Each structure stands twice: as C-alpha cells, then as structure tokens.
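So the structure is just underneath, and the comments pick up after that.
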Amino acid sequence: MDIVDVETTPFEGQKPGTSGLRKKTKTFMQPRYLENFVECIWRGIGGVEGKTLVLGGDGRYFGDRAAQVILRMAAASGARRIIVGQGALMSTPAASNMIRKRQTHGGIILSASHNPGGPDEDFGVKFNTPNGGPAPEEVTGRIFEATKEIRRYRILEAQDVDLDRLGTQRLGDMEVEVIDPVADYADLMERLFDFAAIREMISGGFRLTFDAMHAVTGPYAREILENRLGAAPGSVRNAEPKPDFGGGHPDPNPIWAEELVRAMHAEDAPDFGAASDGDGDRNMIMGPGMYVAPSDSLAVLAANAELAPAYADGIRGVARSMPTSRAVDHVARKKGLECFETPTGWKFFGNLLDEGRVRLCGEESAGTGSDHVREKDGLWAVLLWLNVLAATGKGVVELVHDHWREYGRDIYSRHDFEGVESEKAEALIDELRTRLDGLAGQSFAGRVVEAADEFSYTDPVDGSTAAQQGLRIYLEGGGRIVLRLSGTGTTGATLRVYLEDRTEEQDRFGVDTQEALGEVIAAAHEIARIEAHTGRTEPDVRA
Ligand code: G1P
Ligand code: ZN
C-alpha cells in the first residue's frame with residue numbers, strides 16, 4: 001500500500017462554527033475538500049503520529065465514504081489506532097464516552113446534528129479533544145489557520161476497510177478497531193440510573209414512546225429502553241438509521257417531531273414521549289398533552305437530579321447557555337448551587353465540567369447533559385426523566401406543574417428567522433448594538449427596558465474570553481429578549497430571537513406560550529426593527 005502526497009490549494013470558508021465544520025454535502029464531496037480539512041485537523045492537534053482516535057457518525061449520506069477517507073489519511077500520517085463504530089455509526093455522546101473511556105487522543109464525529117441529510121442537504125465534521133468534548137476555540141482556531149495555508153496532504157492508497165465486521169483489522173501500519181457502538185454507552189447509562197426502579201415502573205403499566213427520527217439513536221434506544229428496561233417492543237419508533245433520515249429533519253422539536261406530538265396529544269397517549277436528533281445529543285420531552293420546553297426540562301432535572309444514583313451526592317453547580325431561560329437559576333438559588341451563564345455551544349461547558357464546578361448543564365436548543373461525558377446527551381436526559389418519574393411516582397404534567405408552583409414559571413420561546421441575507425442580518429445586529437446603551441428606561445409595546453448589553457464571557461477556569469455572544473435586553477417585570485445570529489447554518493443567516501417572561505401567578509401556568517409572550521414579542525420587533533431590516537414580520541420557526 002502506497003502513501004501518496006497530494007498537492008492541494010486552500011478552500012475558503014473552512015472555519016469551524018458553533019459545532020465543527022458544517023457545509024452542504026456537495027461542498028464536502030468536492031475533490032480535496034474533506035481531505036484538506038482533515039489534514040488541517042491533524043495540524044491543529046499537533047499531528048496524529050502514534051495517536052489513537054475515535055471515529056463516529058450519525059449515519060447520514062456520505063458518512064461511510066468520509067470515514068474511509070479519514071481512515072486512509074490517519075494511516076498515511078502514522079496514527080496508531082482508530083476505534084470506529086460498526087457501520088461508521090456512533091452517536092455523539094457515545095463517541096464522547098468512548099474517547100474518555102479508552103483515554104484516546106480525541107475523536108472525529110461525522111454529523112451535521114439535526115440538519116437534514118442527503119446529497120442536497122448537510123454534512124459536518126467535528127473534532128473532539130481527549131476530555132471527550134468539542135474542541136475549544138483555541139484548537140478550532142489553529143485548524144482554521146491551517147486551512148488557509150494548506151498545500152499538501154497525505155493519504156494511503158488502499159481498499160475500503162470492512163466497517164461492518166467487528167474486531168481489529170490493519171490498514172497499512174494502523175489498526176482499525178471496529179466496535180459495537182451501543183454496548184459501552186448502554187452500560188454507562190445503567191451505572192448512572194436506577195434501572196431496577198424504571199423497569200418496575202414500566203412493568204407496572206407505565207407506557208412510553210421514543211422517536212429516533214431515523215437517526216443514530218434508534219439502536220441505542222432499542223437496546224436501552226426495550227431490551228434493558230422492558231418497554232414494549234415498538235416503543236421506539238423510526239428506529240432504523242437512514243442516510244436521509246427518511247426525508248425529514250432529525251430535529252426533536254414540535255415541528256419536525258410532529259408524529260410524536262400527535263401521539264402525545266391522542267386520547268390514549270402514553271405516559272411519556274421523547275425524541276432525539278441526528279447524532280443523538282439533543283432531546284425533546286413530552287407528557288400526555290404537554291411539551292416540556294428544554295429550559296424547563298433543565299430546571300426540573302436540576303431540582304430532582306439527586307433522585308438518580310449518579311447524582312445522589314449533589315450536583316454542586318449548574319450551567320446554562322446565555323439564551324436559555326433563567327428557570328434553572330431559580331432552582332440554583334433555592335438549592336444554594338453555583339450557577340453559570342455561558343455562550344451558546346457545548347464547548348463552553350467543558351472547563352466547568354472538567355473542574356467539577358458544575359455537574360449539570362443545558363441549552364434552550366434541546367441540549368441537556370452532565371459530567372458523565374463532555375457532550376450533551378439525548379438518551380441520558382430521557383433516562384434521568386424516567387428515573388425522576390419512577391422515584392417520585394409523579395407524571396410529567398404533575399411534575400412540571402409542581403415545579404412551577406415551587407419556583408415560578410419562565411415562559412419561553414425562540415423565534416428563528418431563517419435564510420435572511422447575511423448583510424441584512426448583520427446590519428440588524430450592528431445597528432441594535434449601537435443603540436443598546438440608550439434603551440434603558442424606554443418603553444416598547446408597553447414594556448419598559450430595565451437594562452441592555454452585549455454578552456461577553458470570561459471562562460472562570462482558564463480566563464479565555466469570548467466577545468459578541470448576543471445582545472441582551474432585560475425588561476421590567478422579569479422579561480428578557482436576546483438576539484444573536486446562528487453559527488451552525490449552511491445558507492444565509494438565521495436570526496434567533498429568544499423571548500422570555502416570568503410569572504408566579506398560578507392561573508398563568510396553563511396559558512399558551514405564544515399568547516403569554518405577546519407583549520415581549522411585540523417589544524422585540526419594535527426594538528430590533530426586524531421588519532425594517534429583514535422584511536419579515538413572522539418567524540419561520542417558533543421553538
Ligand atoms: C445551535 C444551538 C446551540 C447548539 C448548537 C449545536 O447553534 O442554538 O445551542 O449548541 O446549535 O447543536 P446556533 O445555530 O444557534 O449557533
Ligand atoms: Zn446534535
């Protein structure tokens with residue numbers, strides 16, 4: 001087998017975003033595009049010679065081809081061993097676990113998360129560091145710098161590795177270890193949670209349904225929920241991973257997980273419903289007739305985590321991304337926990353988790369997780385919910401209402417304006433930035449601005465900083481509006497407007513979220529002049 005030195009030239013725009021490099025699949029499929037980026041990962045981490053890496057992916061179109069390229073490039077550059085999931089499949093949290101468990105030098109995950117898959121859709125490549133978490137800015141910055149200068153890469157000329165066959169094979173001088181992607185992860189979950197109590201609840205008639213959305217969690221959910229916990233066969237729906245996720249967006253929100261929403265609103269709805277995304281790190285939680293907002297889910301879990309064996313000795317602290325509602329802050333205050341507000345993106349939780357400052361963290365975008373791995377974790381959240389339900393004997397609706405009674409309710413929604421021309425979206429943010437200082441005291445749509453600023457973050461562990469992480473506008477009475485531009489899109493800009501209001505009045509607990517946020521929504525449009533800048537009056541998605 002020959003190692004080939006290939007001459008290349010840089011591609012523009014290979015800058016990792018909120019979560020790795022995400023582009024149209026066809027962009028990744030151009031000759032040398034993937035190869036350039038992979039070579040730059042090697043350079044960004046100081047080479048792969050002698051190293052062991054994990055390789056996983058969510059099963060989307062082109063993932064199997066990309067895995068073969070990465071294996072041949074790793075072999076050509078002297079890697080010692082690659083641990084890869086059978087069929088090139090491994091969920092993001094399972095990959096994070098494997099990186100940690102086998103003490104590897106990191107790993108590569110092939111996924112564009114909840115974005116659709118297929119030749120005309122999205123693909124992505126993300127590097128995780130030896131702690132199992134997404135590479136911090138310092139590393140992605142080095143990778144990006146390398147992409148601007150690359151002139152050559154190395155690759156082995158070889159046949160495909162048989163990734164369906166478990167066990168170790170050789171590729172040149174490198175070992176390729178094909179593993180069952182599910183077993184270790186399922187074992188980890190069994191150690192964290194009280195499986196016996198959950199099993200008993202299920203055998204006592206508790207019914208659940210989990211929508212894997214034809215993405216990577218199907219095999220995981222079947223093994224854990226059906227085989228190990230005794231949920232009825234078929235409780236996991238859309239369980240076969242497909243390269244195009246069956247044509248939908250593998251995004252667990254009320255719009256894309258509509259099938260689950262319908263089931264949970266039916267007469268004979270199960271007691272518990274959940275879904276996960278393309279690569280298995282997001283979650284959506286439902287009770288009969290109720291969607292639990294991710295910010296509320298984080299707060300409920302923070303309030304009750306001690307009921308699970310892994311967290312019985314306390315969760316020490318909690319962290320949430322800045323745009324996530326402040327519901328969890330109220331829990332932290334009452335329980336005397338440290339509470340951190342970080343920029344959007346899981347990588348910002350890494351240091352806090354590594355240092356043991358927090359054990360639980362989450363984002364409004366359906367991500368919840370803990371210190372068991374260094375990624376958010378969809379099935380973990382589902383199992384913590386089930387553990388809490390089993391331990392309290394309460395249903396989802398009861399648990400959430402009890403929570404609001406005790407801590408008050410932070411009514412919350414995110415409005416996304418998608419496919420906005422980048423210049424227009426940037427102009428909106430730039431203009432609002434210049435007006436922030438003058439907003440306090442002014443009234444919009446009947447709401448008075450209390451304070452406004454732009455969020456910047458200093459990591460309390462290593463002192464690194466991240467500036468321009470979103471515009472925050474606080475309203476009197478506990479409301480808040482946050483605006484920022486998405487860092488994961490592949491076309492144009494997505495303007496995210498995060499809307500929040502606070503109530504402790506019980507008769508407002510049941511009201512429709514969009515209705516309850518009416519004033520805050522109107523104030524956001526007035527303050528940010530959304531229509532004047534973008535021509536839009538309504539968002540594309542209300543999450
Ligand atoms: C989005 C979410 C963010 C999440 C990221 C990766 O990023 O908002 O919370 O960490 O996806 O899953 P954004 O597109 O807003 O930059
Ligand atoms: Zn994801």
| Long-range HN-HN contacts of Glu338 with modeled amide H, under 5 Å | Val318
| query | So what J values fall out for region 132-143 if you push phi through Karplus, 6.51 cos²θ - 1.76 cosθ + 1.60 with θ = phi - 60°, rounded to Hz, Gly and Pro as x? | reply | x, x, x, 4, x, 4, 4, 6, 5, x, 5, 4
| said: More than 35 angstrom separation, counting every C-alpha pair in the chain; what % is that? | reply: 34 percent
| note | Excluding ligands, DNA and RNA, the carbon-plus-sulfur percentage of the accessible area of the chain with a 1.4 Å probe reads 45 percent
| remark: Karplus ³J(HN,Hα) for region 334-345 (6.51 cos²θ - 1.76 cosθ + 1.60, θ = phi - 60°; Hz, whole; x = Gly/Pro) runs 5, 8, x, 9, 5, 9, 10, 10, 10, x, 4, x
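Quick one: if the Förster radius is 41 Å, what FRET efficiency do Val69 and Asp354 give, using the C-beta to C-beta distance and rounding to 0.05?
Numbers: r = 31 Å, r/R0 = 0.77.
Taking R0 as 41 Å, the efficiency between Val69 and Asp354 is 0.85.
How big is the dipole moment of the chain about its Cα centre under a simple scheme where the beta carbon of each Lys and Arg is +1, that of each Asp and Glu is -1, and everything else is neutral? Debye, nearest 20, please. Write down the numbers at each step before the final one.
On the way: 61 positive and 86 negative charges, 202 e Å.
So the dipole magnitude of the chain works out to roughly 960 debye.
When the helices in the chain are scored as -39500 (n - 2.57) per DSSP H run of 4 or longer and the sum is shared across all residues, what 222 nm value do you end up with, to the nearest 500 deg cm²/dmol? Walk me through the numbers before you get to the answer.
On the way: 18 runs with 172 residues, N = 543.
When only DSSP H runs of four or more count, the value is -9000 deg cm²/dmol.
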| Paramagnetic label zone (point 7 Å from Cα along Cα-to-C-beta, Asp120; backbone N under 20 Å) in region 1-41 | 23-30
| Projected label distance in nm at Asn227 and Glu454, using a 7 Å step from Cα toward the beta-carbon | 5.2 nm
| Which of the lysines could be linked to Lys242 by a straight reach, that is with a Cα gap under 20 Å, when you skip same-chain ones fewer than 8 residues away? | Lys23, Lys24, Lys26
| Amide N proximity, region 142-162 versus Asp2 label position 7 Å along Cα-to-Cβ, cut-off under 13 Å | 155-158
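Hey, what's the chain come to in accessible area per residue, 1.4 Å probe, Å²? Write down the numbers at each step before the final one.
On the way: 20240 Å² over 543 residues.
On a per-residue basis, the chain sits at 37 Å².
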| message | Which aspartates and glutamates, if any, have their Cα less than 13 Å from the Cα of Lys376, not counting same-chain residues under 8 positions apart? | response | Asp277, Asp279, Asp281, Glu363, Glu364
| query | Which loop trypsin sites (Lys or Arg not before Pro) in region 161-202, with loop taken from DSSP, have no more than 14 other Cβ atoms within 10 angstrom of their Cβ? | reply | Arg165
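Roughly what % of Cα-Cα distances in region 345-399 sit above 16 Å, to the whole percent? Spell out each step's value before the answer.
Working: 695 of 1485 pairs.
More than 16 Å apart: 47 percent of the Cα pairs in region 345-399.
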| Amide hydrogen neighbours beyond the local backbone of Leu55, cut-off 5 Å, H modeled | Ile83, Val84, Gly85, Ile108
| remark: Magnitude of the Cβ-charge dipole (Lys and Arg +1, Asp and Glu -1) of region 294-422 about the Cα centre, nearest 20 debye, reported as 360 debye
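The values are calculated or read from the model by the stated rules, or taken from the named source; none is laboratory data. This one's a predicted model, so the numbers in the text were calculated from it and none came from an experiment. Counting neighbours? That spans all protein chains shown, and the Cβs are built from the backbone with ideal geometry, glycine included. These accessible areas exclude ligands, DNA and RNA; they are computed on the full protein's heavy atoms, side chains included. Shrake-Rupley method; radii C 1.70, N 1.55, O 1.52, S 1.80 Å.
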